[in-house]
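This report concerns only the one structure given below.
The values are calculated or read from the model by the stated rules, or taken from the named source; none is laboratory data. In this text the structure is predicted, and so the values were computed from the model without any measurement. Here the Cβ positions follow ideal geometry from the backbone for every residue, glycine too, while neighbour counts run over all protein chains shown.
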Amino acid sequence: MTKRTIVTLPGDGIGRVVLEQALRVLKAAGFEADYAEGDIGWEFWCREGNPLPQRTIDLLEKHKVGLFGAITSKPKDAAFAELAPELQSKNLVYASPIVGLRQHFGLDICLRPCKSYPGNPLNFIRRGASGEIEEPVVDVAIFRQNTEGLYGGVEWTNPPQQVYDALMTHPKFRQNFAWAPKEEVSVSTRIFTKKMTHRILHAAFTHAARYGYRSVTLCEKPNVIRETSGMMYKMAQEMQKSEFPQIELWNTNIDAQMMWLTKNPEDYGVIVAGNMFGDIVSDAFAGLIGGLGFACSAQVNPDTGVAVFEPTHGSAPKYANYPVSIVNPIAMIESACMMLEYLGEQEISSRIRKAIASVVANGEVRTYDMMKLTGSPAVLSQGAASTIGMADAIIHQLEL
């Protein structure tokens, strides 16, 4: 039988080291695959003027499944300054390569699960009515529309005249912004389409039905952002009534949700949102289960079978050149587990997750974030595990 080929996309900063440890854990768990490395990230922007070369797109087109580490993104002026001098006259503009991947491949379904591990010292706690300490179990699956909304990239500074003229046809624009000279106006659009909104809503309801969640919460702002959030809420109401009457539909505003998630996080099951609000609420819930060191994600196009799995943390460049890496690899390893489940390797994924749970519950091996230390090389002398040390502990549990 031909082995699967997984496209590895290390990216920048700590991306390479956490990806390497995830591959070690996959091998120890018995997952067999060939790996093809794709070029992506800041190095290729600086050297080639393209952080997502066509050769990498071709590689993922061929093999369909990718494991992604992390990327560095910088503001427009900083990105231009680091571009190779011979490329600075070519009118190149930096764009996030992971956003580019999502849009090129239509990876519109993004799932970010946030599930607490018993014994994690970073788990959210609160005081009960009698002053006792409570540690609610967090088990939330967040569905984020991944290709539209505010991250769609349709924006201008000093917009073209025809765009400005079109904006002037809206009474709110004339009322609130006509005083501003066109060259002082910046515009970012928030575009939702019914097709993609239907897809992310249906994915969320289907997941809730399949895994026994009692509710789907739409986390948007339909009372203010009436057209886009309003359309999404109306579609969710129609879908729940016609296809998923057994699943409760809840509606929360993104700002109120930020308060409620620390009051009663155990009440929430599946949450669905547009691109930006999904990004926000998933990071917020990740904070309840230990932070970005435990936050994993999948982004999938069900029509083409292309899927990319990644931790939601960044490239943390300040940690990238430490003599011994100190960052927590669990988010990357959890992302690899999501890839296994997508590939039908549930048994291997389950074994890895149980190994992680055992290491966390035992408490003898903890990375600096789990020890609530400030990241620096000195944390190793304070008892913190290195990146490799945490992976070693998980592999040891797999071998028992």
Matching residues, the stretch 62-72, being touching a residue at least 60 places away in the same chain (Cβ under 8 Å) and not basic (Lys, Arg): Val65, Gly66, Leu67, Phe68, Gly69, Ala70, Ile71, Thr72
From Gly290, Gly274, Gly314, residue being among the small types (Gly, Ala, Ser) and at positive phi: Gly290
Some residue of the stretch 320-336 being modelled with pLDDT under 95, of a type in the set (Gly, Ala, Ser) and not in a helix (DSSP H, G or I): no
Matching residues, the stretch 69-113, being over 24 Å from the mean Cα position of the chain (by Cα) and not in a helix (DSSP H, G or I): Leu83, Ala84, Gln88, Ser89, Lys90, Asn91, Leu92
Residue ID - nearest to the chain's Cα centre (by Cα), chosen from residues in the stretch 6-16 that are under 12 Å from Ser325 (Cα atoms) and crowded, with 24+ Cβ neighbours inside 10 Å: Gly15
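Residues are listed down the side, and each one gets a yes or a no for (1) in contact (Cβ under 8 Å) with a residue 24 or more places away in the chain; (2) over 21 Å from Ala393 (Cβ atoms); (3) in contact with a Gly (Cβ under 6 Å, 6 or more places away or on another chain):
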| site | (1), (2), (3) |
| --- | --- |
| Asp255 | yes, yes, no |
| Trp260 | no, yes, no |
| Gly287 | yes, yes, no |
| Gly291 | yes, no, no |
| Asn301 | yes, yes, yes |
| Thr304 | yes, yes, no |
| Pro329 | yes, no, no |
| Tyr342 | yes, yes, no |
Out of Asp267, Asp255, sole residue that is in contact with a strand residue (DSSP E or B) (Cβ under 9 Å, 6 or more places away or on another chain) and over 25 Å from Arg102 (Cβ atoms): Asp267
Whichever residue in the stretch 125-146 is among the aliphatic types (A, V, I, L, M) and either out of contact with any strand residue (DSSP E or B) (no Cβ under 7 Å at 6 or more places or on another chain) or exposed (fewer than 15 other Cβ atoms within 10 Å of the Cβ) (or both) and, among such residues, is nearest to Thr206 (Cα to Cα): Val137
Flag for Thr56 being among the β-branched types (Val, Ile, Thr), surrounded by 13 or more Cβ atoms within 10 Å (Cβ to Cβ), touching an Asp or Glu at 6+ places or on another chain (Cβ under 9 Å) and over 20 Å from Lys318 (Cα atoms): yes
Answer residue from the stretch 346-397, given it is among the β-branched types (Val, Ile, Thr) and not in a helix (DSSP H, G or I) and is surrounded by the fewest Cβ atoms within 10 Å (Cβ to Cβ) among those: Thr374
Test: residue in the stretch 147-167 that is surrounded by fewer than 15 Cβ atoms within 10 Å (Cβ to Cβ) and more than 30 Å from Tyr94 (Cβ to Cβ): no
From Lys27, Lys3, residue being surrounded by fewer than 18 Cβ atoms within 10 Å (Cβ to Cβ), more than 22 Å from Leu87 (Cβ to Cβ) and either among the small types (Gly, Ala, Ser) or modelled with pLDDT under 95 (or both): Lys3
Filter pass, Gln145 being closer than 24 Å to Met196 by Cβ and not aromatic (Phe, Trp, Tyr): yes
Residue tally, condition buried (at least 21 other Cβ atoms within 10 Å of the Cβ), in contact with a helix residue (DSSP H, G or I) (Cβ under 7 Å, 6 or more places away or on another chain) and assigned to a strand (DSSP E or B), over the stretch 190-243: 4
Condition met for Ala141 (aliphatic (A, V, I, L, M) and either over 30 Å from Lys234 (Cα atoms) or not assigned by TED's automatic domain parsing to the domain that holds Glu227 (or both)): no
Selection within the stretch 258-304 - out of contact with any Phe, Trp or Tyr (no Cβ under 8 Å at 6 or more places or on another chain), surrounded by fewer than 21 Cβ atoms within 10 Å (Cβ to Cβ) and assigned to a loop (DSSP other than H, G, I, E, B): Lys263, Asn264, Gly291, Pro302, Asp303
Cross-chain or 6+ apart pairs with Cβ under 9 Å, the stretch 206-217 first and within 15 Å of Thr252 (Cβ to Cβ), then surrounded by 14 or more Cβ atoms within 10 Å (Cβ to Cβ) and hydroxyl-bearing (Ser, Thr, Tyr): Ser215/Tyr268; Thr217/Thr252; Thr217/Tyr268
Failed item in (1) hydrophobic (A, V, I, L, M, F, W, C); (2) under 29 Å from Gly274 (Cβ atoms); (3) touching a Pro at 6+ places or on another chain (Cβ under 9 Å), with Val99 passing the rest: (3)
